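Asker: What follows is a structure written as structure tokens; I'll ask about it next.
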Amino acid sequence: MAKKYEGCAVGIDLGTTYSCVAVWLDEHNRAEIIHNEQGNRTTPSFVAFTDDQRLIGDAAKNQVATNAENTVFDAKRLIGRKYSDSVVQKDRMLWPFKVISGVNDKPMIVVKYKGQEKLLCAEEISSMILTKMREIAEKFLESPIKNVVVTVPAYFCDAQRKATVDAGAIAGLNVIRIINEPTAAALAYGLDKRSNCVGEKNIFVFDLGGGTFDVSILTIKDKVFQVKATGGNTHLGGEDIDNRMVNYFVDEFKRKNKVDITGNPRALRRLRTACERAKRVLSFSVVTTVEVDSLFQGIDFFSSITRAKFEEINMDIFNECMEIVKSCLTDANMDKSTVNDVVLVGGSSRIPKVQQLLQEYFNGKDLCMSINPDEAVAYGAAVQAALLSEGFQNVPNLVLRDVTPLSLGLSATGDIMNVVIPRNTCIPVKITQSRETVADNQPDVLIEVYEGERTRASDNNLLGSFTLSGIPPSPRGYSFNVCFAIDENGILTVSATDKSTGNMNEITITNYKERLPADEIKKLIEEAKNYGIEDKKFLRKAKVMNALDYCVYKVKNALKQPEPNSKLSSVDIDMINSAITVASNLLDSSQQVEIGVLKSHLKELESMLERIITDKKE
Ligand code: ADP
Ligand code: MG
């Protein structure tokens, strides 16, 4: 049984477009999805920087129309990747924010915060979202949270998993386990526990989210989850569906008003927000309205759309999803009739047409959808978190085991990939191999660690390399050990030991090139804390500003209705009026004003208000 962690732990689905946090509730015997301060059960994975504050989640997404270059999203598409990666190069073209190459080819996001240029890596943005999710959970649980289980896509490689753990560390969190998203969803449904199926069970996970479509085939046997095949399209999801609606209404606007809004990014973004809302409504009603005040050149937009029309304009997207489902089964060499369960994941799987097509394809099979699809992954992560923590008693007793998604090995003479841990090996795992020197009197050996399925080592992904040195002079064939160990999070450590000398000449790869070194993480943790302090400072100041604004309003009102026998002299009134002017000026230029100055003016105005009121009473 895995080690138990102290206290309570939560599960976080750190999504590309939306994130979700859940916690196991002993008393209810289920996991609870925790809603944020806006009452939403998922929170946009957005972070925005402005002249005076940092915003995360709904607040960040809501202001994207006016601050596009400094509103960062899609950090999950960057995490653990290099700038020169073709995926990054393609995505970069689509983002309104700037990404440049940093040290070691690390992609860095450029934003303007408080008037200054800032460079941030994907781990930092993800850490900010994790911090937000943690705050949401802490508010609900009324206690601090340290331990979390975070989910990642099944196809995430080692570097991407490690970078996700780093993001947690920057947020001051202890990531007690990284689990695969489809595995988490299957866990949410307790599919591993069903006893009516002897032997192996096949699960098809259909995850249509905001910007990505992932399908996975899992098998469960003796509580071990194996990812048999994955497929999908990394640029297909709810946002494409929103775009279809946007185009539909742009045409309508053109027809009705003879103006084209396509050249106006702000109008387009406002329309897109309205379309996303309408799309959600169409998942439970058959018709809805779309309204945007003063959309373009002062013209209000008001229209409606039926579910039938919505399905018509998106039909090719839905069909494409079904084609991907088919090809994933073909790749896995499986017939659809051998699938025991079909699990719906991702917000866009709420669309009735998507559910209908999928159910028809699986010959009318009931789909697992009793848990909201966009919450299933966080739900499963919460179950896993509870299993690993001491703080829960009433958790279904099961042991979940994952497998490595890709083979891991060393390059051997002639650029051959020498696999040490084959893909789909259950983790945790530790394998030691004996290796030999290839030349006489070879003083050191270069150990190169690769990940991938190609026969030529260099065609695979080089994870890192290190040198085992200090080998005593000896003919070729001198043997030493290389050990590959993967922990429960799927994180790899490679070490080499010179066993003959008995010396602990051991090197462990813990920090790959693209990983953040420990001191860098430390620095980022400090910076993250500073961001938090600045956010709080901003909030405190905003509260004082609100109070001052309200006080000005009250004083003005009180002056408007002077009592006939008021003791206020005209000198008093002039003084009050000038205090109002000062306060209004302070509010207008509040960015440059210290909170203390605002506070003292608030106090002054409050006492004036009191005087006006008591004078009136007398
Ligand atoms: P991610 O892809 O980041 O993991 P989600 O699984 O939460 O995120 O999916 C987000 C997408 O789901 C968004 O495009 C959102 O508009 C869409 N969505 C959420 N609720 C609904 C709904 N009721 N009907 C249709 N689409 C929805
Ligand atoms: Mg998701």
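The values are calculated or read from the model by the stated rules, or taken from the named source; none is laboratory data. Because the structure is a prediction, the values reported are computed rather than measured. Note that each Cβ is placed from the backbone with ideal geometry, even for glycine, and that neighbours are counted across all protein chains shown. In case anyone asks, the SASA skips ligands and DNA or RNA and just uses the protein heavy atoms, side chains included. Shrake-Rupley method; radii C 1.70, N 1.55, O 1.52, S 1.80 Å.
Asker: Keeping all protein chains in position, work out how much accessible area MET322 exposes to a 1.4 Å probe, and write it in Å² to the nearest 10.
Answerer: It works out to around 20 Å².
Asker: Also: Near the amide H of CYS121, under 5 Å away, which other amide H atoms are found, from residues 5 or more places off or on another chain, if H is placed in the peptide plane?
Answerer: Correct list: ILE109.
Asker: What does the net charge come to around ALA75 if you take all other residues with beta carbon closer than 12 Å to its beta carbon, with K and R at +1 and D and E at -1? Write out the running numbers ahead of the final one.
Answerer: On the way: positive: LYS76, ARG77, ARG81; negative: ASP74, ASP91, GLU123, GLU124.
Computed value for this residue: -1.
Asker: For SER600 and GLN116, compute 0.36 nm times the residue count separating them, minus their Cα-Cα distance, and round to one decimal in nm.
Answerer: On the way: separation 484, 0.36 × 484 = 174.24 nm, distance 2.93 nm.
So the extension gain works out to 171.3 nm.
Asker: Now a separate question. Below 14 angstrom from the Cβ of GLU117, what's the summed charge of the other residues (Lys, Arg +1; Asp, Glu -1)?
Answerer: Values: positive: LYS98, LYS112, LYS114, LYS118; negative: ASP51, GLU69.
That works out to +2.
Asker: Send over the Kirkwood Rh of segment 449-505, from the inverse of the averaged 1/r over different Cα pairs, rounded to one decimal Å. Show your work: numbers first, answer last.
Answerer: Values: mean 1/r = 0.0742 Å⁻¹.
Evaluated on segment 449-505, it is 13.5 Å.
Asker: Assuming 0.36 nm per residue, please report the length gained on full extension of the stretch ASN333 to LYS82 beyond their Cα-Cα distance.
Answerer: On the way: separation 251, 0.36 × 251 = 90.36 nm, distance 3.33 nm.
Additional length available on full extension: 87.0 nm.
Asker: Work out the FRET efficiency for SER570 and GLN592 from their Cβ-Cβ distance, taking R0 = 45 Å, and round it to the nearest 0.05.
Answerer: Values: r = 33 Å, r/R0 = 0.73.
According to the calculation, E is roughly 0.85.
Asker: Longer than 21 Å from Cα to Cα, which of LYS61/LYS254; LYS61/LYS98; LYS146/LYS529; LYS90/LYS112; LYS106/LYS529 are they? Say none if no pair is.
Answerer: On the way: LYS61/LYS254 27 Å; LYS61/LYS98 17 Å; LYS146/LYS529 15 Å; LYS90/LYS112 23 Å; LYS106/LYS529 23 Å.
Beyond 21 Å between Cα atoms: LYS61/LYS254; LYS90/LYS112; LYS106/LYS529.
Asker: Go through ILE313, ILE351 and list them by solvent-accessible area, largest first, probe radius 1.4 Å. Write out the running numbers ahead of the final one.
Answerer: On the way: ILE313 35, ILE351 5 Å².
Result, largest first: ILE313, ILE351.
Asker: For the chain, what's the radius of gyration and Dmax over Cα atoms, in angstrom?
Answerer: Answer for the chain, Rg first and Dmax second: 29.1, 111 Å.
Asker: Let me have the 222 nm mean residue ellipticity of the chain computed from DSSP H runs of 4+ only, each contributing -39500 (n - 2.57), with the sum over all residues rounded to the nearest 500. Please report the intermediate quantities before stating the final value.
Answerer: Working: 14 runs with 228 residues, N = 618.
Rounded to the nearest 500, it is -12500 deg cm²/dmol.
Asker: A further question on this structure: Please list, ordered by chain and number, the residues whose modelled amide H lies under 5 Å from the amide H of THR425; skip anything fewer than 5 residues away on the same chain.
Answerer: Those lying under 5 Å, H to H, from THR425 are THR404.
Asker: Return the carbon/sulfur percentage of the accessible area of the chain, one whole number, probe 1.4 Å, all protein chains in place. Display every interim value, and only then the final one.
Answerer: Working: 14030 of 28500 Å².
So the carbon and sulfur contribution to the accessible surface is 49 percent.
Asker: With only alpha-carbon atoms counted, please give the Rg and Dmax of segment 232-357, in Å.
Answerer: Expressed in Å, the Cα Rg and Dmax of segment 232-357 come to 17.3, 58.
Asker: Which whole-number value in Å² is the accessible area per residue of segment 104-229, probe 1.4 Å?
Answerer: Values: 3940 Å² over 126 residues.
Each residue of segment 104-229 exposes 31 Å² on average to a 1.4 Å probe.
Asker: Using a simple spin-label model with points 7 Å from Cα along the Cα→Cβ vector, what separation in nm is obtained for ASP26 and LEU94?
Answerer: Simple spin-label model gives 4.5 nm for this pair.
Asker: When Rg is the radius of gyration of the Cα atoms in segment 203-260 and Rh is its Kirkwood radius, what does Rg/Rh come to? Display every interim value, and only then the final one.
Answerer: Numbers: Rg = 19.0 Å, Rh = 14.0 Å.
Looking at segment 203-260, the ratio lands at 1.36.
Asker: I would also like to ask the following. For ASN243 and GLU323 in the same chain, what is the full-extension length gain: residue separation times 0.36 nm, less their Cα-Cα distance, in nm?
Answerer: Working: separation 80, 0.36 × 80 = 28.80 nm, distance 2.10 nm.
Full-extension gain reported as 26.7 nm.
Asker: Largest first, what is the accessible-area ranking of ARG54, ARG307, ARG277 with a 1.4 Å probe?
Answerer: Values: ARG54 25, ARG307 55, ARG277 150 Å².
Heavy-atom accessible area, descending, gives ARG277, ARG307, ARG54.
Asker: From largest accessible area down, sort ARG423, ARG161, ARG244; use a 1.4 Å probe on the protein chains. The partial results should precede the final answer.
Answerer: Values: ARG423 100, ARG161 15, ARG244 75 Å².
Result of the area sort, largest leading: ARG423, ARG244, ARG161.
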